[in-house]
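Laboratory data are not the source of any read-out in this text; all were calculated from the coordinates shown. It should be emphasised that the depicted structure is a prediction, and the values quoted were computed from it without experimental measurement. No Cβ is skipped: glycine too gets one built from the backbone with ideal geometry, and neighbour counts run over all protein chains shown.
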Amino acid sequence: MIVTAGPRPTSIRRVLRDGFSLIARFVRAHPVAFALAVGGATGFAGAIVGAAFVVGRVTDTLIIPVLDGGEAVGSRWVGAALAVAGVAAWKAAAIALRRTAAGWLQFRSQADVRRRLIEHQLGLELAWFNRQATGDLLAVSETDARQSTWILAPLPFGTGSMLLLIGTVGIIAWIDPWLGLVALLALGLVTVVDVIGAWMTFEAFENVQRSRGRVSAVAHESFDGALTVKALGREGYETDRMEAASEQLRDDIVRVNRIWARFRMIVEAFPSATSVVMLVIGAARIRAGAISPGELVTIAYLLSLLSIPIRMIGFVLWDLAHSLAGWRRVQKVLDVDEHVTHGRLQAEPPGAGAAIEGQAVSFSYDGDVPVLAGVHIDIPAGRTVAVVGPTGSGKSTLAMLLARLWDPGTGRIRLDGRDLREFARSALPREVAFVSQEAFLFDDDVTGNVTLGLPIPESAVREAARLAAADEFVSALPDGYRTRIGERGTTLSGGQRQRIALARALVRRPRLLILDDATSAVDPSVETEILRGLQRAELPSTVVIVAHRRSSIVLADEVVFIDEGRVAGHGRHEDLLRSVPGYARLLQAYEEDAAERTSRGGGPGR
């Protein structure tokens, strides 16, 4: 399911209220950076006003007397030059301060949003992830997180621009009230047009963000499933999917730009039109003796510099709508409250294997059809237990419940008498290691994939790899344990990936090791070698293996037979063969399947 935006605002007031609330959220997080940026913008506005006064003063005291009155320049030009240079330096310093602080504020806020998104999502239940499109979540974390902070780039300049506009109107009104009134009306009209335009494009901005999420989702599926696409010759179909999603995004962006162009055309014409009107009225006021030529030059100079501030106010309002559209999608994820609850129990120090007890455990993925129903299980510490059952019986589900990747709908699972729900966050993985059939490896070297950032000595990494029967092939890689293995370990076979994943679990010396068919991609002889090595090694582990090979099952101390979501048998392998007909039939089917694959020359990977 693709994450979509929440309810759309239906009024200008709602857009402005939510937009300014978003700004306040970012400003509260980094008030010093915002204050510095606004200070720089205010200094810039003050420099422009100061420049206008300097130009007007120079006009009245130097230019007009020299050009019109024929006076000698003398040394008056030195003071004029110093005044102009001083104002220019003032403006340059203010610009540097504003841009530096505003840039830091924007990119720091982007990093904060992404960190918060990742932290929040990693604390959610796996059930929520199963309902999402991975590509769309990536779009939220990247595109929408970036988009939601766009308002922070023009905001300080817009704040300074607003101060400049207010100051300009005040100065013009002080020079001449009638000209001040004209400037105030023009400014108010431009602001109204920008507010209406931003409101009208808000829905269009939301559509753009949703379309970007769809494009990202389609791209992620196509790249992630490249092997399947190529194997089935469906490149054209995937290309058509991407084309359709991209064209929809194009149409949505075009719609935004059309609205933008119409309103910006109106706004861009205002400064020029206002300047013409002000010059006409100003000339009349000069003839009436109300203002001097220098004062009109001051007004004209201010108006010539107002085109950028007026545009900036528009950019702030339009970017506010755009940022709000991106933030709605971010907020949709942050509002999810399907959190994994934790207690305060801390992990026990490394020692003996852990005992596992499950009481009346039931579980359903969709809340309707039960996968496990009333399961009771008791595994003594230090034992190796094989979980066996037909396809869809609930074996992997039980393994994931034992690692607390899911929580049972009813019942309790305890580790040495401690409810798994009572462990503090990140405490349980210090005692329990889970290795799935689908081994996930990162785009890192072998050592990095085994340690995952933990300060583990190289000797321990090599020992874990030896137990996982990985040391030999890893040592043969071009750079040994420092060889980068590509995204998802694409340079390795399935069996090699599984063995590195197993080494990742073993290096932590867990008290409970859960293998969910985690050696299915290796040869049976290698699998047997691995399991025998685990038994001989001095590991403080209780081992639970989801298995289907007889060679693996017979190595276990006892077997839990799962059938139709219930424990249909629990005991030694030989005893179950005699007392549980379903178990005997399943083992026979496993052997027949293995013999058939061997006769065809098939089998697991390296």
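Results, tabulated for the structure shown:
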| item | result |
| --- | --- |
| Local net charge near Arg572, Cβ-Cβ under 13 Å (Lys/Arg +1, Asp/Glu -1) | -2 |
| Student exercise, the stretch 441-509 dipole from Lys, Arg, Asp, Glu Cβ charges, in Debye to nearest 20 | 260 |
| The stretch 376-414-the stretch 103-164 distance, computed between alpha-carbon centres (Å) | 39 |
| Counted charge near Leu428, where neighbours are those whose Cβ lies closer than 10 Å (Asp, Glu -1; Lys, Arg +1) | +3 |
| In sequence order, calculated HN-Hα J values of the stretch 187-193 (Karplus, 6.51, -1.76, 1.60; Hz; x Gly/Pro) | 5, x, 5, 4, 4, 4, 4 |
| Residue order, fewest to most beta carbons within 10 Å, for Asp194, Asp479, Asp368 | Asp368, Asp479, Asp194 |
| Gained length - Val32 relative to Leu122, 0.36 nm times residue gap less alpha-carbon distance | 29.4 nm |
| Charge-dipole axis of the chain as Lys and Arg at +1 and Asp and Glu at -1 on Cβ define it, positive-most pick from Leu36, Leu320, Val567 | Leu36 |
| Stretch gain in nm, segment Leu345-Leu577, where the contour uses 0.36 nm per residue and the Cα spacing is subtracted | 79.5 nm |
| Footprinting exposure proxy for Val336, Val192, Val169 (fewest neighbouring C-beta atoms within 10 Å first) | Val192, Val336, Val169 |
| For the chain, calculated [θ]222 nm from helices alone, where every DSSP H run of n ≥ 4 adds -39500 (n - 2.57) | -20000 deg cm²/dmol |
| Dipole of the chain, positive end: most advanced residue of Ala470, Leu163, Gly289 [Cβ charges, Cα centre] | Gly289 |
| Stretchable slack from Asn130 to Leu454, in nm (0.36 nm times residue separation minus alpha-carbon distance) | 113.8 nm |
| Packing-based order for 339-350, 253-264, 548-559, using average beta carbon neighbours within 10 Å, highest first | 548-559, 253-264, 339-350 |
| Mean Cα-pair separation over length for the chain, i.e. relative contact order, pairs under 8 Å, 6 or more apart, % | 15 |
| Burial ordering of Val522, Val276, fewest other beta-carbon atoms within 10 Å first | Val276, Val522 |
| Diffusion constant of the chain at 25 °C, which comes from Stokes-Einstein with the Kirkwood Cα-pair radius and 0.890 mPa s, µm²/s | 82 |
| Bins of 5 Å from zero: percent of alpha-carbon pairs in the stretch 441-509 | 4, 20, 35, 29, 11, 1 |
| Net charge, Ile485 excluded, C-beta distance under 11 Å - Lys, Arg +1, Asp, Glu -1 | -1 |
| Mean Cα-pair separation over length for the stretch 364-518, i.e. relative contact order, pairs under 8 Å, 6 or more apart, % | 29 |
| For the chain, size of Cβ-based charge dipole, Lys and Arg +1, Asp and Glu -1, in debye | 1600 |
| From phi via Karplus (6.51, -1.76, 1.60), per-residue ³J(HN,Hα) for the stretch 19-30 in Hz, x at Gly/Pro | x, 5, 5, 5, 4, 4, 4, 5, 5, 4, 6, 9 |
| Per-residue HN-Hα couplings for the stretch 490-501 [Karplus 6.51, -1.76, 1.60; θ = phi - 60°; Hz; x = Gly/Pro] | 5, 7, 10, 7, x, x, 5, 4, 5, 6, 5, 5 |
| Prolate/oblate/rounded call for the stretch 22-334, Cα gyration tensor, a/c under 1.5 rounded | prolate |
